[in-house]
Structure formats: structure tokens, C-alpha cells
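The values are calculated or read from the model by the stated rules, or taken from the named source; none is laboratory data. On a predicted model such as this, the values are computed, not experimentally measured, just so you know. Because the Cβ atoms are built from the backbone with ideal geometry, glycine has one as well, and the counts that use them run over all protein chains shown. With ligands, DNA and RNA removed, areas are computed over all heavy atoms of the protein, side chains included. Shrake-Rupley method; radii C 1.70, N 1.55, O 1.52, S 1.80 Å.
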Amino acid sequence: MRHYAILRLLLAGFFLYIAWPVIPEVVTQEAILFWGLWLGFFLLVVGANFATLLQMTEPPVMEQERERVQERA
């Protein structure tokens with residue numbers, strides 16, 4: 001189900017759009033660490049969803065389509 005990956009990418013892009021103006025204003029080491037980790041997590045989320053879109057990985061179990069197998073009695 002590709003639309004879930006697309007929705008997650010759009011949500012991540014929206015969060016980056018909201019956070020981008022604040023990132024250049026950081027001063028303290030704690031803020032730099034926080035935004036560095038936040039951007040790292042953002043890249044992880046975007047990369048994982050692109051991998052799902054490009055079918056490089058299996059989608060999560062919850063999103064996989066079930067195949068109906070008929071058993072013979």
C-alpha cells in the first residue's frame with residue numbers, strides 16, 4: 001500500500017517545513033544536539049519510506065495485502 005508511505009513522506013515534509021526556520025537560530029550545545037538528532041531521525045524516516053515506495057523493502061506487516069489461500073479438504 002503505497003499511499004501510506006506517501007502520506008508519511010508528506011507528514012515528514014510538513015514537520016521539516018515547520019522546523020526549518022528554528023534550526024538556524026540554535027545557540028546552545030543541547031539545542032544543536034537536539035536538532036542534529038531530529039534531522040537524523042527525519043532522514044531515517046524519509047529513507048525508509050522511499051525504500052518502501054521503490055519496493056526495496058517489504059512494507060510493514062500491517063500494510064501487506066493478504067493472499068487468500070484455499071485449503072483442500
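Listing for the model above:
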item	result
Whichever residue in the stretch 7-19 is aliphatic (A, V, I, L, M) and touching a residue at least 24 places away in the same chain (Cβ under 8 Å) and, among such residues, is surrounded by the fewest Cβ atoms within 10 Å (Cβ to Cβ)	Leu16
Pairs with Cβ under 6 Å, 6+ apart, first in the stretch 29-55 and under 20 Å from Ala5 (Cβ atoms) and of a type outside the set (A, V, I, L, M), second open to solvent by less than 60 Å² (accessible area, probe 1.4 Å) and part of a loop (DSSP other than H, G, I, E, B)	Thr52/Pro59
Residue satisfying condition, being of a type in the set (Gly, Ala, Ser) and modelled with pLDDT under 90, within set Ala31, Ala19, Ala12, Ala5	Ala5
Test: residue in the stretch 1-19 that is outside any helix (DSSP H, G or I) and under 15 Å from Ala51 (Cα atoms)	yes
Qualifying residues in the stretch 20-34 (those that are assigned to a helix (DSSP H, G or I) and of a type in the set (Val, Ile, Thr)) - the one surrounded by the most Cβ atoms within 10 Å (Cβ to Cβ)	Ile23
Condition met for Tyr4 (exposed (fewer than 13 other Cβ atoms within 10 Å of the Cβ) and hydroxyl-bearing (Ser, Thr, Tyr))	no
